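To start, the structure under review is shown below, and the notes come after it.
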Amino acid sequence: MCINLNPIRKSASILVIAAATCIFSSCNEKDLYVEPIPDTNKLDQFFDFKTTQEVTVNLDYGIEAQMMFEIYDENPYTIDTNGVQVKNKEITAVAMGFTDKEGKFNGSIMLPVSVKQAYIYTNYILAPRVLNVDVVGSNITATKNNELLLLNATSKTRAESIVGGYLTLPAANYGQMLPQVLRVAQEVVAGVYTEERTPVGLSTYDSDFYVEEETVTIEYIAGTTGGNDDLYYFCYPAADTPTKAYIENLKKAHIWTDLHGAAGGRTDDGLKGSTATLPFINANGEFEETWPKGYKIGFMIDNKSKYHYSTPLDIPYFDMASTFTYGADGDKPTVVFGLEDYYEGPLYDYNDVIFQLHGVAPTINPETETFPVSTTTRGLLAFEDNWPARGDYDMNDVVLKYASTQTYYKKVTNDFHGTITTYYTRGKIVDEFELVWSGANYKNGFGYHVVMDDEVDYENITIKRNNEPIDFTLVKEGQDYIIYLFDNAKAELGVEDVAATEMANANFATVKFTVTIPYKETEFDGGANVYGTKVGPAYNPFITKNMNRKHEIHLIDCAPTCEGLSCCDPLFGSANDNSNGTTTFYRSEDFYPYALCLNADGANADVLNVDVKLRVEATPIYTTYPLFTDWAKKNVEKWW
């Protein structure tokens with residue numbers, strides 16, 4: 001049943017939704033340009049013209065934790081100019097999802113059809129950083145065994161690492177944590193430290209540490225370093241005011257070599273779970289078993305002969321640590337600290353190497369941290385407005401670029417009694433549609449059909465035009481909503497009196513519409529993107545023809561909405577349409593589309609430039625882009 005909801009706001013600039021009846025003549029008008037398709041370009045079978053496909057993803061990390069994952073069509077890591085492995089900021093994910101609390105995902109995700117090999121990335125520090133698998137048909141299956149080993153640096157030996165002037169701990173000072181103790185510690189730090197995200201509410205950056213006990217021990221918990229890190233410690237009177245030269249000249253003792261082998265996301269467990277007792281270093285550079293009162297302990301990382309210090313000085317290579325406190329052993333809390341090992345362009349996620357300390361003063365008693373996790377899908381929409389007639393197939397009567405950003409919030413709570421709670425909530429969807437061209441003489445509108453469940457914060461949905469709020473109405477169809485952005489593309493562009501043939505000489509600015517759909521704050525159990533797989537962004541988009549909201553033109557095999565059904569249903573199978581109106585929709589008799597949705601994610605980013613050539617009026621798309629027909633016949637992978 002189609003229900004017209006009470007409008008949130010009404011606007012004189014937007015037409016009232018048309019009556020249920022459709023004046024047939026208005027539904028059957030034709031734009032000025034109608035060019036037959038030459039036989040040499042005819043397709044011989046149906047093709048859906050989709051640049052995305054629904055892929056079944058079966059993912060099992062083998063870790064009992066809910067985590068975000070992103071899918072890329074190329075390796076998201078690269079080597080920078082300093083020879084350090086870093087995440088490539090120039091590429092974007094093609095999809096995002098969330099595992100359940102067992103570390104598994106089984107469901108469907110929309111991916112570009114161009115994706116033949118999937119790189120599955122997660123920022124969860126205890127999981128493999130990247131899994132690399134082939135897309136087999138329309139299926140992806142991945143486990144931790146598909147880990148892509150990112151690091152290609154050569155491991156160092158202890159002899160290579162230790163140079164003159166550093167103290168060496170006795171072998172008796174080393175040990176191993178119990179597996180169950182290590183597991184608890186890893187679960188705790190995983191709630192605080194996330195790849196590419198600076199800890200905020202759960203951490204402080206006021207290190208070094210005051211020593212409170214006679215014995216200090218350190219435990220190596222996890223890390224994501226792409227370097228070959230060595231760890232050292234030093235100590236000094238707490239009453240002293242440290243400077244760069246002061247810290248650099250202190251006697252230092254080596255703890256571990258080549259920590260990259262212990263990083264999360266490595267199959268080599270390396271040093272994970274290693275423990276060491278750290279004796280006091282006196283002024284003569286000698287070890288003493290018992291720590292005196294009134295001293296601080298600090299740490300240094302050597303990453304390719306670049307030294308990074310925990311000491312909080314506001315100068316390069318210092319203040320490279322974050323700390324937090326959790327749990328308690330009697331009255332003695334556990335202090336955790338993460339170190340950043342790369343100053344030149346650091347992420348400041350402080351999770352390159354993460355340790356626990358015992359015997360030092362607690363650093364912070366945090367409560368909750370919230371931070372966003374988001375992904376954006378981009379693309380281009382192009383429409384032919386003569387349906388059910390074939391038109392000229394220039395596909396430029398309404399052209400828009402879209403970007404759909406889905407945001408979740410990660411919530412981390414530390415109760416300071418040994419419990420770290422982590423969960424996700426759905427945040428909001430922000431859909432941006434930029435109207436870039438209207439090569440038509442009709443006054444065509446645009447809307448889209450979206451799925452919204454009961455968790456949508458309906459009362460706070462907003463729509464802006466060029467960042468200015470506008471009035472709007474929503475039409476509800478079950479749990480689906482119809483959102484109308486405009487009724488006259490030419491008026492929006494300021495070219496209402498400009499003929500299609502003169503558009504190339506027109507002076508106008510593009511117009512951007514931003515739709516924000518917030519969600520109520522409830523826990524998200526995991527799964528694919530908020531809108532699932534129903535067409536995928538831009539969901540079910542359509543144009544309305546010549547100021548008539550009832551006359552809808554959709555993508556191939558996307559049904560009209562309840563608002564357009566009365567007008568469109570009689571037109572299926574008429575003129576040049578070859579659809580049955582029940583299981584097939586908007587198919588032409590020569591198999592060409594009346595609308596295109598072109599995904600621009602990953603390697604398809606250049607799709608966003610397609611509109612430049614489409615602006616040639618009354619020229620079929622397969623002439624403007626000669627490879628278009630070959631692409632439809634599956635003879636080439638790209639036509640643009």
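The values are calculated or read from the model by the stated rules, or taken from the named source; none is laboratory data. Computed from a prediction, not measured in an experiment: that's the story for all the values here. Heads up, the Cβs are rebuilt from the backbone with ideal geometry, glycines too, and the neighbour counts pull from every protein chain shown. SASA here: full protein model, heavy atoms, side chains in, ligands and nucleic acids out. Shrake-Rupley method; radii C 1.70, N 1.55, O 1.52, S 1.80 Å.
Would you call ASN145 surrounded by fewer than 18 Cβ atoms within 10 Å (Cβ to Cβ) and part of a helix (DSSP H, G or I)?
Considered against the rule, which asks whether it is surrounded by fewer than 18 Cβ atoms within 10 Å (Cβ to Cβ) and part of a helix (DSSP H, G or I), ASN145 comes out as yes.
Do you know which of the residues in the range 385-426 that are among the aliphatic types (A, V, I, L, M) and touching a strand residue (DSSP E or B) at 6+ places or on another chain (Cβ under 8 Å) is modelled with the lowest pLDDT?
Here the answer is ILE420.
Looking only at the range 601-620, count every residue that is open to solvent by less than 10 Å² (accessible area, probe 1.4 Å) and within 19 Å of SER114 (Cβ to Cβ) and tell me the total.
Of the residues in that region, 4 qualify.
Tell me the residue from THR194, THR215, THR225 that is of a type in the set (S, T, N, Q) and modelled with pLDDT of 95 or more, please.
THR215
If ASP80 satisfies all but one of (1) within 24 Å of ALA142 (Cβ to Cβ); (2) among the charged types (D, E, K, R); (3) surrounded by fewer than 21 Cβ atoms within 10 Å (Cβ to Cβ), what's the number of the condition it fails?
Looking at each condition in turn, ASP80 falls short on (1).
Kindly indicate whether ALA153 is at pLDDT below 90, open to solvent by less than 10 Å² (accessible area, probe 1.4 Å) and not in a strand (DSSP E or B).
So ALA153 fails the test.
Conditions (1) buried (at least 23 other Cβ atoms within 10 Å of the Cβ); (2) more than 30 Å from PRO620 (Cβ to Cβ); (3) aliphatic (A, V, I, L, M), marked per residue:
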position	(1), (2), (3)
TYR348	no, yes, no
ASN351	yes, yes, no
ILE354	yes, yes, yes
GLU369	no, yes, no
PHE383	yes, no, no
MET395	yes, no, yes
THR405	no, yes, no
TYR408	no, yes, no
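For the range 226-245: of the residues being of a type outside the set (Gly, Ala, Ser) and over 19 Å from TYR166 (Cα atoms), which is surrounded by the most Cβ atoms within 10 Å (Cβ to Cβ)?
PRO242
Would you point out which residue out of GLY478, GLY494 is at pLDDT below 95 and not charged (D, E, K, R)?
It is GLY478.
Read through the list (1) among the aliphatic types (A, V, I, L, M); (2) within 30 Å of the chain's Cα centre (by Cα); (3) surrounded by fewer than 17 Cβ atoms within 10 Å (Cβ to Cβ), then give the number of the only condition that LEU627 fails.
Of the numbered conditions (1) among the aliphatic types (A, V, I, L, M); (2) within 30 Å of the chain's Cα centre (by Cα); (3) surrounded by fewer than 17 Cβ atoms within 10 Å (Cβ to Cβ), the odd one out for LEU627 is (2).
Go through the residues of the range 595-606 one by one and say whether even a single one is among the polar types (S, T, N, Q) and either more than 17 Å from GLN53 (Cα to Cα) or without any contact (Cβ under 8 Å) to a residue 12 or more places away in the chain (or both).
Among the residues of the range 595-606, not one is among the polar types (S, T, N, Q) and either more than 17 Å from GLN53 (Cα to Cα) or without any contact (Cβ under 8 Å) to a residue 12 or more places away in the chain (or both), which makes the answer no.
Scanning the range 426-481 for residues that are aromatic (Phe, Trp, Tyr) and surrounded by 17 or more Cβ atoms within 10 Å (Cβ to Cβ), which turns out nearest to ASN505 (Cα to Cα)?
TRP437
Which one of VAL113, VAL34, VAL94 is modelled with pLDDT of 85 or more, surrounded by 14 or more Cβ atoms within 10 Å (Cβ to Cβ), within 30 Å of ALA489 (Cα to Cα) and of a type in the set (Val, Ile, Thr)?
Testing whether each residue is modelled with pLDDT of 85 or more, surrounded by 14 or more Cβ atoms within 10 Å (Cβ to Cβ), within 30 Å of ALA489 (Cα to Cα) and of a type in the set (Val, Ile, Thr) leaves just VAL94.
Just checking, how many residues over the range 552-585 are surrounded by 18 or more Cβ atoms within 10 Å (Cβ to Cβ), assigned to a loop (DSSP other than H, G, I, E, B) and acidic (Asp, Glu)?
Within the range 552-585, residues that are surrounded by 18 or more Cβ atoms within 10 Å (Cβ to Cβ), assigned to a loop (DSSP other than H, G, I, E, B) and acidic (Asp, Glu) number 1.
From the residues in the range 499-535 that are within 16 Å of ALA382 (Cα to Cα) and in a loop (DSSP other than H, G, I, E, B), which one is modelled with the lowest pLDDT?
So, considering only residues that are within 16 Å of ALA382 (Cα to Cα) and in a loop (DSSP other than H, G, I, E, B), the one modelled with the lowest pLDDT is VAL535.
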